[in-house]
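The values are calculated or read from the model by the stated rules, or taken from the named source; none is laboratory data. Because the structure is predicted, anything quoted here is derived from the model rather than measured. Don't worry about glycine lacking a Cβ; one is built from the backbone with ideal geometry, like all the others, and counts go over all protein chains shown. Surface accessibility is based on the protein's heavy atoms, side chains included, excluding ligands, DNA and RNA. Shrake-Rupley method; radii C 1.70, N 1.55, O 1.52, S 1.80 Å.
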Amino acid sequence: MNCRRSVHALCGAFVLGWSLAVSAQAPTYNVGVTATAIPLTYLDPKTNTLQGAMVDVIRSIAADAGFAVKLQATQFAALIPALAANRIDIIGAAMLITTRRGEAVDFSDSVFAYPEGLVVNLSDKTAYRSLADLKGQIVGAQTGTVYVDFLKRSGEFAEVKLYPSLADVLREISQGRLVAGFGDAPILNYQLAQNVSLRARLVSTYESKLTDNIGIAVRKGDSALLGKINASLAKLRADGTIDQILDRWNLR
């Protein structure tokens, strides 16, 4: 047997195997999520890790699609700029799908839908039903959310104050410095339930006008990654995984 030929064959097999192993390695995508949107995405102070329903969704999609994810805490208003600047590859926060945002990013199919909620101080017993019931008041919303334009366009309010997070909105209402606030109903409901010291309530009589869909966003034109996300999302919806995640976080 030709030893030199055998060595060359072994080397060739090793190189081929190494190449296949490298090509088979799962890609890693940086995922931007907010750290304050309990229970959808938030920083757990006990473990110092990012958790929440959308985090579970992203991890389930990644496991099914065969890629890895690295979560990055990002302020909501900075998510789209971070995506455009290639600092993140996916927006995994609770971002509503809108036409305006669709000009800057490509959205996945809907993950799930929910309405906006209205919060007032616990001492305010008014059965608010619409924005007009708060005409001339000062209200608040989180910077970068769809509620900002929605409230300003209505022309009903003396001022729309902006805050970094819904937790800030709730604090201001609880302390009587803000008449009312608007935000994602399930987040507001969860945060109020978890912090009974807050003197604020979700108005049950309020009739939502913005029930919309939450989507996962990727850079404009990244059709390959978007295709993977949508394929896995459809599979996870069909097998009940998405519903299980929503139930786990009391979002249905």
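The charge dipole of the chain, taken about the Cα centre with unit charges on the Cβ atoms of Lys, Arg (+1) and Asp, Glu (-1), comes to about 500 debye, rounded to the nearest 20.
May I ask what percent, to the nearest 5, of DSSP beta bridges between residues of the chain are antiparallel?
On the way: 23 of 38 bridges.
If I count the DSSP bridges inside the chain, around 60 percent turn out antiparallel.
Ranking of Arg201, Arg248 by solvent-accessible surface, largest first: Arg248, Arg201 (1.4 Å probe, protein heavy atoms only, all chains present).
Using only alpha carbons, segment 176-222 has a radius of gyration to Kirkwood radius ratio (Rg to Rh) of 1.12. Dipole of the chain computed with +1 at Lys/Arg Cβ and -1 at Asp/Glu Cβ about the Cα centre; of Leu236, Phe157, Asn250, farthest Cα towards the positive end is Leu236.
Using C-alpha pairs under 8 Å with a sequence gap of at least 6, the mean separation divided by the residue count of the chain gives a relative contact order of 25 percent. Compute the projected area of the convex hull of the Cα atoms of segment 105-252, averaged over all viewing directions, and report it in nm² to one decimal place. Average of the hull's projected areas for segment 105-252 equals 9.6 nm². Ranking of Ser60, Ser204 by solvent-accessible surface, largest first: Ser204, Ser60 (1.4 Å probe, protein heavy atoms only, all chains present).
Exposure check, 1.4 Å probe, all protein chains in place: Asp247 carries approximately 70 Å² of accessible surface. Under conditions of 4 °C and 1.567 mPa s, the chain yields 65 µm² s⁻¹ as its translational diffusion coefficient, taking Rh as the Kirkwood radius over Cα pairs in the Stokes-Einstein equation.
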